[in-house]
Amino acid sequence: MSQSVDIIVVGAGFAGLRALYTFRELGFTVKVLERDDEIGGVWNFNRYPGARCDVESFDYSYRFSRELEQEWRWSERYAQQPEILEYIRHVADRFDLRRDIELNTSVMRTEFDETASRWTVDSDDGRSWNAKYLILAMGQLSTPKGTVYPGQDDFDGQVIYSAQWPRDGVDYAGKRIAIIGTGSSGVQMTPVIAKTAKHLTVFQRTANYSIPAANAPMSDEEDAAVKANYAERRDQARNSPSGLGFVPDRRSASEVPMDEREEAFEKAWHRLGFGFALVFKDILLDEKSNAIASDFVRRKIAEKVKDPWTREKLTPCKFPFGTRRISVDGGYFEAFNRDNVELVDISETPIESFSKTGIKTTDGIFDFDIVIYATGFDAFTGSLFKPLIMGKDGLTLKEKWANGPVTQLGLAVNGFPNMFIIQGPGSPSLLANVLLSAEDQIDWLATLLTKARDENIDQVEATHQAELDWVDYVNERAKETLYLQTPSFYNGAEMPGKPRVFMPYSGGVRHYRLMMERCAEKGYEGFDLRREPAQAIID
Ligand code: NAP
């Protein structure tokens, strides 16, 4: 017997909870299905030491409730994972969201019934739901790659994945630890683990750019100052390209006099974190300007690392600054100055296998008690392809996207009526403040679905032409940037065999929101809104 609601939301992370709150407020019945036994999404899974958000807490938080904004007190400029999870739990309790969330519920299959204009949703434990709308809020980085080297099962020690960190913690003090991977996760955990591990070996394949977080406890004065003008801050964030509130200097980095430029970079280095890439308008657009910024960051890194060999290896040189996700660190490079921390360059001496006692590279065997994989995720599509999602005519989302994702506005897919993806491929997602942009999308969807309810519209479906146009537009915008020069998870290079398609929308959250608004103003151009299946009233 299937339970009937207006909206099924898949995923109880930040976006899923916001969707539940918003649609319930509008009088829709909503059920959120969450595979884990706790809410929080990535902030529930990524419990590794040092995990914290790279976006300032004041901006990486919900904007929908003025009271919540005023009440919640962040303890640090960049909140740590436990505090973010506590915030999410607080929001769920404060707005009584939990009663509509089914935990331990993995969606296995979902299919659109064209005659009834409804989605049926089946979970792994045999339960079923049916809903008019399906909202996929499953995250962009929620499916770990699950890297496995040969011989891993015979390893005597413990193997841990950064995004599946054991709930009861890991006692790494006094132990010999390996970290494989130097993306944001590896960069964040390295200095923390280094402090108490007996020995830490970091296996690096590609050196990464990282900017100091300049994290600090949140003073009462700063807290009060932000809260006195929170609406202004939100507005500024929403109207900045990144959703972080920084509006770049409108000049090209290469045109600014050297002294002035150095001063601007120096200031940004000590304060902006992630926003360093936005000091001048064209750091991510122009090779010459990017080379100047890359050079500055390399110099800064070099100043931090004492040993010449390690310094050279840690200095990123294989791709332009910012064309892979920049890391933001709390003493990553400095950690390599400790006697108990060692770098292994596996681009030169690759890992061959695990041995019983540790890891075997082409250079020899390193013994460990614990090996941590910080090797990343099957980004953007990994989670969306886990359940079988079947639209019209028996077509699955995986089949539809065999050559790469196609969407209208990063939100909807032709052939999958009444289904919406929050921060999916084709939306700003991983190139911006993802929470801010998710809230923009949900607010936009709220207007659309309310209109559909008021006007007795049965099906809302992206047109095929609209998604072709949107994909072209996303590609055109990406060509204006330097992102396409570098293999990364932005373009499917993180997984063997994945189509090489640039996935996020690089035009910024403000422009993206304006595009959504324009679509609505033009009567939801690019969507078919049908009263009866196949009877279009707006094309
Ligand atoms: P990632 O950025 O994809 O980095 C993965 C690392 O593992 C890279 O250094 C990669 O090397 C290496 N690697 C991958 N496969 C490997 C293999 N088979 N053998 C050896 N090394 C391998 O993953 P992540 O660090 O988990 O971060 C992913 C994203 O999550 C971030 O970019 C960010 O968007 C998000 N995140 C955010 C935060 C935050 O806000 N604070 C924190 C953590 C993560 P190559 O570069 O050579 O491929």
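Give me the residue from region 98-137 that is part of a loop (DSSP other than H, G, I, E, B) and in contact with a Pro (Cβ under 9 Å, 6 or more places away or on another chain) and, out of that set, farthest from the ligand (Cβ to nearest atom). Give the derivation first.
Keep residues of region 98-137 that are part of a loop (DSSP other than H, G, I, E, B), which gives 103-106, 114-117, 124-127, 137.
Next, from what is left, pick out any that are in contact with a Pro (Cβ under 9 Å, 6 or more places away or on another chain): 106, 114-115, 117.
Values: S106: 22, E114: 37, T115: 41, S117: 36 Å.
Filtering region 98-137 for residues that are part of a loop (DSSP other than H, G, I, E, B) and in contact with a Pro (Cβ under 9 Å, 6 or more places away or on another chain), the one farthest from the ligand (Cβ to nearest atom) comes out as T115.
In this structure, does R477 turn out to be charged (D, E, K, R), more than 16 Å from the ligand (Cβ to nearest atom) and within 27 Å of A402 (Cβ to Cβ)? Here the answer is yes, as R477 does meet what is asked. Being among the basic types (K, R) and more than 13 Å from G508 (Cβ to Cβ) is the filter; apply it to region 271-289 and report the residue that is least open to solvent (accessible area, probe 1.4 Å). The selected residue is R271.
Within region 171-181, restricting attention to residues that are buried (at least 20 other Cβ atoms within 10 Å of the Cβ) and not aromatic (F, W, Y), which residue is nearest to the ligand (Cβ to nearest atom)?
Taking region 171-181 and keeping what is buried (at least 20 other Cβ atoms within 10 Å of the Cβ), we get 172, 176-181.
Add one more test, that the residue is not aromatic (F, W, Y), and what stays is 176-181.
Numbers: R176: 18, I177: 16, A178: 11, I179: 9, I180: 5, G181: 3 Å.
Going through the qualifying residues, I end up with G181.
Yes/no per residue for (1) surrounded by fewer than 24 Cβ atoms within 10 Å (Cβ to Cβ); (2) more than 17 Å from P49 (Cβ to Cβ):
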site	(1), (2)
S162	no, no
W165	yes, no
G169	yes, no
G183	yes, no
K198	yes, no
T201	yes, no
A207	yes, yes
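Go through the residues of region 207-230 one by one and say whether even a single one is under 27 Å from T357 (Cα atoms) and either among the small types (G, A, S) or within 13 Å of the ligand (Cβ to nearest atom) (or both). So far as region 207-230 goes, yes, one or more of its residues are under 27 Å from T357 (Cα atoms) and either among the small types (G, A, S) or within 13 Å of the ligand (Cβ to nearest atom) (or both). Taken residue by residue, region 385-400 has at least one member that is more than 16 Å from the ligand (Cβ to nearest atom), free of Cβ contacts under 8 Å to residues at least 24 places away in the same chain and of a type in the set (V, I, T). Checked against (1) among the basic types (K, R); (2) closer than 30 Å to Q80 by Cβ; (3) more than 12 Å from the ligand (Cβ to nearest atom), R325 passes all but a single condition, namely (3).
Restricting region 185-196 to residues that are within 21 Å of the chain's Cα centre (by Cα) and either surrounded by fewer than 17 Cβ atoms within 10 Å (Cβ to Cβ) or among the aliphatic types (A, V, I, L, M) (or both) leaves a set whose member that is farthest from T315 (Cα to Cα) is M189.
Residues that are open to solvent by 10 Å² or more (accessible area, probe 1.4 Å) and within 30 Å of N290 (Cβ to Cβ) occur in region 422-431; there is at least one. Within region 472-483, does at least one residue satisfy the condition of being surrounded by 24 or more Cβ atoms within 10 Å (Cβ to Cβ) and in contact with a Lys or Arg (Cβ under 8 Å, 6 or more places away or on another chain)? For region 472-483, residues surrounded by 24 or more Cβ atoms within 10 Å (Cβ to Cβ) and in contact with a Lys or Arg (Cβ under 8 Å, 6 or more places away or on another chain): absent.
Does A446 satisfy the condition of being open to solvent by less than 20 Å² (accessible area, probe 1.4 Å) and either in contact with a strand residue (DSSP E or B) (Cβ under 6 Å, 6 or more places away or on another chain) or not assigned by TED's automatic domain parsing to the domain that holds R118 (or both)?
When the stated conditions are applied, A446 does not pass them.
Please indicate, with yes or no, whether at least one residue in region 360-368 is farther than 17 Å from L136 by Cα, hydroxyl-bearing (S, T, Y) and open to solvent by 30 Å² or more (accessible area, probe 1.4 Å). Within region 360-368 (the criterion being farther than 17 Å from L136 by Cα, hydroxyl-bearing (S, T, Y) and open to solvent by 30 Å² or more (accessible area, probe 1.4 Å)), the answer is yes, since at least one residue qualifies.
Condition first: within 16 Å of the ligand (Cβ to nearest atom), assigned to a loop (DSSP other than H, G, I, E, B) and open to solvent by 30 Å² or more (accessible area, probe 1.4 Å). Now tell me which residues in region 148-160 satisfy that. Spell out how you get there, then give the answer.
Going through region 148-160, the residues within 16 Å of the ligand (Cβ to nearest atom) turn out to be 148-152, 155, 159-160.
Imposing the further condition that a residue be assigned to a loop (DSSP other than H, G, I, E, B) reduces the set to 148-151, 155.
Residues satisfying the conditions are V148, Y149, P150, G151.
Within region 271-287, residues that are without any contact (Cβ under 8 Å) to a residue 60 or more places away in the chain sit with their Cβ atoms under 8 Å from residues that are among the charged types (D, E, K, R) and surrounded by fewer than 21 Cβ atoms within 10 Å (Cβ to Cβ), at 6+ positions apart or across chains, in these pairs: V279/D249; F280/D249; F280/R251; K281/D249; K281/R250; K281/R251. If you filter region 261-296 down to residues that are among the β-branched types (V, I, T) and out of contact with any strand residue (DSSP E or B) (no Cβ under 7 Å at 6 or more places or on another chain), you find that the one that is farthest from Q485 (Cα to Cα) is I292.
Residue check, A224 against (1) at pLDDT 95 or above; (2) open to solvent by 50 Å² or more (accessible area, probe 1.4 Å); (3) assigned to a loop (DSSP other than H, G, I, E, B), all met but one. Which one? Tallying (1) at pLDDT 95 or above; (2) open to solvent by 50 Å² or more (accessible area, probe 1.4 Å); (3) assigned to a loop (DSSP other than H, G, I, E, B), A224 fails exactly one: (3).
The values are calculated or read from the model by the stated rules, or taken from the named source; none is laboratory data. Everything quoted here is computed from the prediction, not taken from an experiment. Here Cβ is always computed from backbone atoms with ideal geometry, including for glycine, and neighbour counts include all displayed protein chains. When the accessible area is computed, the model is the full protein with side chains, heavy atoms only, and any ligands, DNA or RNA have been set aside. Shrake-Rupley method; radii C 1.70, N 1.55, O 1.52, S 1.80 Å.
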